[in-house]
Structures are given as C-alpha cells and as structure tokens.
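Notes follow once the structure below has been shown.
The values are calculated or read from the model by the stated rules, or taken from the named source; none is laboratory data. Only a predicted model underlies this, so the values are computations on that prediction, with no experimental measurement involved. Don't worry about glycine lacking a Cβ; one is built from the backbone with ideal geometry, like all the others, and counts go over all protein chains shown. Each accessible area value is taken on the protein alone, full model and side chains, heavy atoms only, with ligands, DNA and RNA left out. Shrake-Rupley method; radii C 1.70, N 1.55, O 1.52, S 1.80 Å.
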Amino acid sequence: MQYISEALNAVLALILVITMAFVLLPLILQITYYVVKGKFRGKNSTVVFNKNMPSFTIIIPIYNEKAETLLSIVEDLVRQKYPKKLYEVIIVSDDEPNVFENIRDRVLAVADSKLNINIVRRESRKGYKAGALNFALKISNKDYVIVLDADSRINETYLLNIANAILKRKCNVLMTRWESSNVECSLLSEALSYTKKFLVETLFRKRYEILGYCGIAGSGFVIPKDLLVKIGGFCEKCLLEDVELGLRLLSKGYIVCFANDIHTLLEVPSTYYAYRLQQERWAYGAAQLLRTYWRRILRSKMGSIRKIENILYLSQYFSSLSIVLLNIIIPVFTVLFGKSVIAMSFIYPFMFWIIVSLLYSILFLKYMRGLLSFIRALRVLGRTAGLTFMLAPILAISSIKGLANLPFKWHVTPKGYYRVRSFKFTYELMFSIITAAITLYMLMVYGLSAISLWYLAQLASIIYWANMLFRGKI
C-alpha cells in the first residue's frame, strides 16, 4: 500500500505541475524581473524622420471578415505620417468571388490614390493564413514585411515609430505591443483585455527584458523580406505560423526584439463561442509545434534556460489535458484503492497548486493596481479563470489532436458580439453534468476535504459559466 501511495502521489503531483505550466511561466518571469530589475532594458523608439528610412510591405490576409472591419485598418494606413512611396499594402483574400469583389470595391474607394494598395484573391485556401502570407510575399517590393490582421488598429505614427526602432536597435525582427481595441464590448472582452495586457507584459516584455528575446504574435511584427525569404517564409502546415516562425528564428540564432512603446490594437473575443474557437485553434497549434519542434529545440544552440522556457511555452495548453485527466483519475483511483490513499497522495500537490495560484493572483492584482480597482481586478481574474476552465475538455481534445497530427478544421475567430444557439455547447454541457456528479460523489466520500474543495471550485466555474451564458452576458 505504501508503494501505491507513493506512485499515486507522484502521478497527481505531475499532473498538477503540468496544470500550472501556463501559470508558472509568467510567474517565473515576473518574479525574476523583480529580482534583476534594471539590469537589462530594451531601448524605446522615438519619432524622428531620417532620409534613410526603410520601406515596408504591409500584408493583411482576410477570410470571412466584415468589410467595415477591414476599412478601419485601411483608413489608418491612409493617415500614416510616412512617405507614401516607402510603403505598400497587400490584402490577400480567400473569400468567394462575389464577397471579394464587394470588399475590393469598398477598399479601393477608401484608399483612392492616397495609398499604394493591391488587393488580390487566391483561388485556393491552401495553407490558410500562412499560405496567404506567402502569396503576398512573392509580390512584395519593399525592404521589410509587416503582418497585420483585418481587425488591427494603428496610430498615424505607427510606421514612423517602427522605422526609427529598426534603425536604432540591433535585432533581426521587431514585435510590437498588443493592446485590446474592444475592452468595453462585453464582460468577456473586458476580462480578456486586461488578461492580455498582463500576459503581454510577462510573456513578451518581461521575457525580452530578462532573456533578451521574445516570441512572435500573428499581428504587428516586422521582419526583413530578405530574411523571411531566406528561412523559407511561413510554415503552411502549421496552425500557429507566427509562433513557428519565432521558434525557427530563435533556433537559427536570430533575435526578436520587443517594442513596448509601439502599439498594435486588436480585438479580443467578445463572446464565449468566439473565445472557444480561438483557444481551440491555439491549443492544437501549440501541441502540433511541440510534436515537431521539441527535438529541434533540444538540439539547437540556444541555452538550457531558453530550451526549457520554449518547451514550457509550447506546453501551456496541456494544463487543460491534465485537469481532465486528474478529474478522471481521482474518482477511479478512489474506487480502486480507497479514499485514504488518494487523500494522502493529493494533499501535497494540492497545496502546491494553491500556493502557485495565490502567487499568480497577487502578481496579477499588483500589475492591475492603477488600472482597475482591487474589487474590479479580482472580478476580472475570477471571470477569466471561470470561463477558461469550461474550455478544459475542448482544449484537451485539441491538444491530443495536435500531438497525434489528426485533421483540424480551421475557423476564423468571429469578430464583434453575437449570440449562438445552445446546441453549440454540447461538450461543455456534458462536462458540467459529469463534474457535478463527481463533485457530489466526492462530498459523500471525503466530506469537506482538499479533494472536495478541488471539485467544488470547478463546480463554481460551471455555475458561473451557465449563468453568464444563458443570461446572454457572454
């Protein structure tokens, strides 16, 4: 029985440690930053015009996007305080011919002769977004490539700031700071906007300031065209072509710098359904990259800390898989081995999870001080955690599909706020019923114990999700 207990303890501890992967990475970066604060800082750019300013190709891939959404970024590009001869815009559409023609006419009417713009349509959606980017790359005529999404918003000095940052910094690729453009669209968009702000601060800014590099996100990064062509363009077999490009650059010794003072505004999901589609795609893409890249990361010339950090970064969605496994293992093992063994095995990793979660919450609330009141920041934290928990079974399935290289249907994240029918949430409803049944069983077997608290916390998330969803709040 002692050996069984020790084995179960190890299994439960491992699952809970994996569950904390997404929490631990920003936590480690935050704590390390406070320890080494001031030792390394990225330089900020300033608005200065130089006669040797670089030229840019701005690529915007679109599919199933509203024309109004695209027109906003086109208007922003028209208003740029940058020589018009030094930048061009290529919009690549994967839409049906009639949709494309409508968008093209409206875009050209806005751009008129004020903007060097080329809007083209692909006959096939091969490679999805990566394929569209490679298509545009072949007809690009400028020094640098900037990738923007259709929902991106930029200020009038965006290109000028990027140009100055390129001239001043010694780096190969530049990543701008993401900000949310739709904070007040819904309760979910508010929570995700502030969560994104915190994650950009940790996973991009602090990562750059501590480790000397950061990753690439799908919109708002700048890369020399020659370098992009040299390393083979965008990976058309990868769902997360941006993350894959960042990994490829890092493994080859190129550096991605982070420009904290250059902002690219983007929409975060306003509804739970849109959030689900986005996270489902990201979970699959991260697992897919881990499957194909873990050997390359370990064999690369990057340091040990960078290797561990990148593998941990790609493993972040395994937290959902580990939650699902843990919820299955506990009741099954309770029946097989008795409650005393499970209770003894669970208590230590459970305490570890509580401590890490508290540290993460403290750092989040500390960062939000000055942005939100304490109560509002606490509600944002709880709202994000509660709604994200409901995605656990879906993200677990997506992660398994990514690891196994199973087919995945690409969905564009819907923009704006809209309602969907309840039958879209079959997985969540099944998960809710099973979790509620297991929680009642645990309360009967263990009473008010650590295990019961674990399930009650999840049940609280389910009740919150159902309440918000059926009231039309998310």
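A simple spin-label model places pseudo-atoms 7 Å from Cα toward Cβ; at Ala404 and Lys84 they are separated by 5.5 nm.
Legend: calculated FRET efficiency, Leu440 to Asn64, from the Cβ-Cβ distance at R0 = 51 Å, rounded to 0.05, equals 0.75. The portion of the accessible surface of the range 195-284 made up by carbon and sulfur, rounded to a whole percent, is 51 (1.4 Å probe; DNA, RNA and ligands excluded). Ranking Thr426, Thr334 from most to least accessible surface, computed with a 1.4 Å probe over the protein chains only, gives Thr426, Thr334. Taking all protein chains into account, the per residue accessible area for the chain stands at 45 Å² (1.4 Å probe).
The DSSP beta bridges internal to the chain are antiparallel in roughly 20% of cases. Placing Leu266, Leu453 in order of accessible area, with the largest value first and a 1.4 Å probe, yields Leu453, Leu266. The phi-based Karplus calculation (6.51 cos²θ - 1.76 cosθ + 1.60; θ = phi - 60°) puts the 3J(HN,Hα) values of the range 308-325 at 4, 5, 6, 5, 4, 4, 6, 8, 4, 7, 5, 4, 5, 4, 5, 5, 4, 4 Hz, whole numbers, x for Gly and Pro.
Would you compute, from DSSP H runs of 4+ residues alone, the mean residue ellipticity of the chain at 222 nm, taking -39500 (n - 2.57) per run and dividing by the full residue count, rounded to the nearest 500?
On the way: 18 runs with 280 residues, N = 474.
For the chain, the value works out to -19500 deg cm²/dmol.
For Asn118, nonlocal amide neighbours, meaning residues 5 or more places apart or on other chains whose placed amide H falls under 5 Å from its own, are Val89, Ile90, Ile91. Between the helical axis of 450-470 and the longest alpha-carbon principal axis of the chain there is an angle of about 50 degrees.
When Rg is the radius of gyration of the Cα atoms in the chain and Rh is its Kirkwood radius, what does Rg/Rh come to? Present the calculation step by step, with values, prior to reporting the outcome.
Values: Rg = 23.5 Å, Rh = 23.8 Å.
In the chain, Rg relative to Rh is 0.98.
Starting from the Cα of Ala457, step 7 Å along the direction of its Cβ; do the same at Met351; then give the gap between the two resulting points in nm. It works out to 1.5 nm between the two label points.
In this rough spin-label picture, where each label sits 7 Å from Cα along the Cβ direction, the Lys301-Arg376 distance is 5.0 nm.
Which residue, chosen from Met351, Leu429, Ile375, occupies the Cα position most advanced towards the positive end of the dipole of the chain, where the dipole is computed from +1 (Lys, Arg) and -1 (Asp, Glu) charges on Cβ about the Cα centre? Final value for the positive-end residue is Met351.
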